[in-house]
Amino acid sequence: MSNLVSSSLAPYHARSSFRCGVPELDEYLQRQASQDVRRNVAAVYVLADQSRPSEIIGYYTLSSYAIETAGLPDQFQRKLPRYPLIPATLIGRLARDARFPGMGSQLLADALQRILNHSREIGSAAVVVDVKNDAARRFYLKHGFLSFREVSKRLFLPIKTVAAVLTPKPAPQSPCNG
């Protein structure tokens, strides 16, 4: 699937056929997502193949969020300004259709790239996720997310880490000028 495209949820997307295996996530996309978009509660993005744009491979939601700095591990607190809250972006939901195994990482990469791009215009010091189960926790930990101090179901990834991974490195310059 090399012709993948992500876009905002639109009326032409076939939400009723989406099945990820977690009823709560299926029902959200089918019944609630459009309302959340209209109410500016969440931005919903879908991943599809350009040849079948109505077929949803997966989706994720993004929202503004704030982190209490006191809940971060000490090594991250020391690098932040001494504000009680810092801006972040919440990935509220992320799910892929069961017909497309292995696409979760692609969805996460797309979400992180979108968050990184927006963080250059609207401050966001980290990405936050609330994991629903152990499988989701393992998925995010595998992708470098870290635990908050006292909330085991909430993970974060500093935006600097996202930038280090996703920002293309310049090609090495030749030591010769000629």
**Request:** Please tell me if Asp36 is closer than 25 Å to Gly102 by Cα, of a type outside the set (Val, Ile, Thr), surrounded by 13 or more Cβ atoms within 10 Å (Cβ to Cβ) and without any contact (Cβ under 8 Å) to a residue 60 or more places away in the chain.
**Result:** no
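Yes or no, residue by residue, for (1) free of Cβ contacts under 8 Å to residues at least 60 places away in the same chain; (2) in contact with a Leu (Cβ under 6 Å, 6 or more places away or on another chain); (3) surrounded by 11 or more Cβ atoms within 10 Å (Cβ to Cβ):
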{"position": "Ala10", "(1), (2), (3)": "yes, no, yes"}
{"position": "Phe18", "(1), (2), (3)": "no, yes, yes"}
{"position": "Gln32", "(1), (2), (3)": "yes, no, yes"}
{"position": "Ala43", "(1), (2), (3)": "yes, yes, yes"}
**Asked** Taking the condition without any contact (Cβ under 8 Å) to a residue 24 or more places away in the chain and in contact with an Asp or Glu (Cβ under 9 Å, 6 or more places away or on another chain), does Leu85 pass?
**Response** yes
**Request:** Determine which member of the set Thr61, Thr167 is closer than 21 Å to Ala42 by Cβ, touching a helix residue (DSSP H, G or I) at 6+ places or on another chain (Cβ under 8 Å) and polar (S, T, N, Q).
**Result:** Thr61
**Request:** Identify all residues within the range 82-130 that are basic (Lys, Arg) and crowded, with 19+ Cβ neighbours inside 10 Å; write none if there are none.
**Result:** Arg93, Arg96
**Message:** Can you find a residue that is more than 22 Å from Lys153 (Cα to Cα), surrounded by fewer than 19 Cβ atoms within 10 Å (Cβ to Cβ) and of a type in the set (A, V, I, L, M) anywhere in the range 56-63?
**Reply:** no
**Item:** Residue among Ile91, Ile122 that alone is under 17 Å from the mean Cα position of the chain (by Cα), assigned to a strand (DSSP E or B) and closer than 27 Å to Ser7 by Cα
**Value:** Ile91
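Read-outs: derived from the displayed coordinates by stated rules, not from any lab. Computed from a predicted structure; not experimentally measured. Please note: Cβ atoms are built from the backbone with ideal geometry, for glycine as well, and neighbour counts cover all protein chains shown.
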